[in-house]
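Each remark here refers to the structure printed beneath this line.
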Amino acid sequence: MTGLGRHGAAASTALDAALADREWDEQRLRLYRQGRDRLVAEGYVQVSMRMFRRADAPPQGADDYACQTDGMIGLGCGARSYTSTLHYSFDYAVDLREIRTITDDYTATEDFSRAVHGRRVDGAEGHTYTDAEAEQWTAIDPLFPYSRHPHRSAGLPCRTGESVISVDGDGDGTVRRCHFVRSELGNLYDGSYRRALEPRACPLAVCDCHIGYVHLETLPLYDVFAGGVLERIPAAGAARA
Ligand code: SF4
């Protein structure tokens with residue numbers, strides 16, 4: 001579904017390539033709609049492109065979902081699932097040959113009562129590292145300490161909602177400041193979100209996802225990752241965290 005592994009696929013002309021891309025997009029959209037319709041028919045409500053919630057689930061407020069702390073059941077081959085302390089997934093790969101093998105195995109699977117790949121975890125995002133483990137990771141990635149712990153963010157200035165926005169992936173153009181804070185700023189297509197852009201403080205206690213806390217103005221990460229803020233590409237000679 002991702003298209004990864006299709007790079008380099010033989011397409012003799014630009015027209016062939018364009019047609020192949022269109023067919024691929026149409027197939028993905030068709031499969032997505034089949035899955036969405038099945039979930040809706042089973043009583044789930046679509047919240048975003050990827051998230052469906054049971055219609056009888058208790059409401060928890062505007063900012064009622066955080067991927068760091070709430071449970072999620074991933075559907076399909078390669079999907080990742082998690083409860084507060086247990087993370088598990090089906091096998092997955094990005095290489096086309098591996099994907100085919102894994103997909104064939106998944107399609108032939110009839111018993112989904114056990115998680116084959118998973119681990120019990122703790123901590124705000126589900127991972128904690130001993131000092132010895134952190135030292136090992138830091139030897140590989142000197143900037144690892146920035147990612148070791150969630151960052152306290154309550155009341156701290158964050159560029160999201162001012163110079164950074166998040167757009168829902170379901171196509172309706174809903175704009176939020178980030179994908180953790182669920183309150184809406186407006187719509188991408190009618191431009192209404194622009195009126196809401198202003199300096200803002202974070203309303204949540206912690207931020208433990210790089211694509212979120214990288215925008216905290218209290219952290220030096222725009223300078224550290226000047227080679228690519230979202231891609232986490234450090235500036236040449238970025239200092240150890
Ligand atoms: S710090 Fe994180 S959770 Fe808070 S507003 Fe910024 S991106 Fe969102």
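The values are calculated or read from the model by the stated rules, or taken from the named source; none is laboratory data. This structure is a prediction, so every number in the text was calculated from the model and none was measured. Backbone-built Cβ (ideal geometry, glycine too); neighbour counts: all protein chains shown.
Numbers for the structure displayed
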| read-out | value |
| --- | --- |
| Tabulated pairs, segment 139-155, first on the phi > 0 side of the Ramachandran plot and in a loop (DSSP other than H, G, I, E, B), second modelled with pLDDT of 90 or more and among the small types (Gly, Ala, Ser), C-beta under 9 angstrom, 6+ apart or interchain | GLY155/ALA201 |
| Verdict on ARG194 being surrounded by 18 or more Cβ atoms within 10 Å (Cβ to Cβ) and more than 8 Å from the ligand (Cβ to nearest atom) | no |
| Among residues of segment 120-135, those that are at pLDDT 70 or above and either among the basic types (Lys, Arg) or not in a loop (DSSP other than H, G, I, E, B) (or both), counted | 5 |
| So ALA205, is it exposed (fewer than 15 other Cβ atoms within 10 Å of the Cβ), within 14 Å of the ligand (Cβ to nearest atom), without any contact (Cβ under 8 Å) to a residue 60 or more places away in the chain and within 25 Å of THR83 (Cβ to Cβ) | yes |
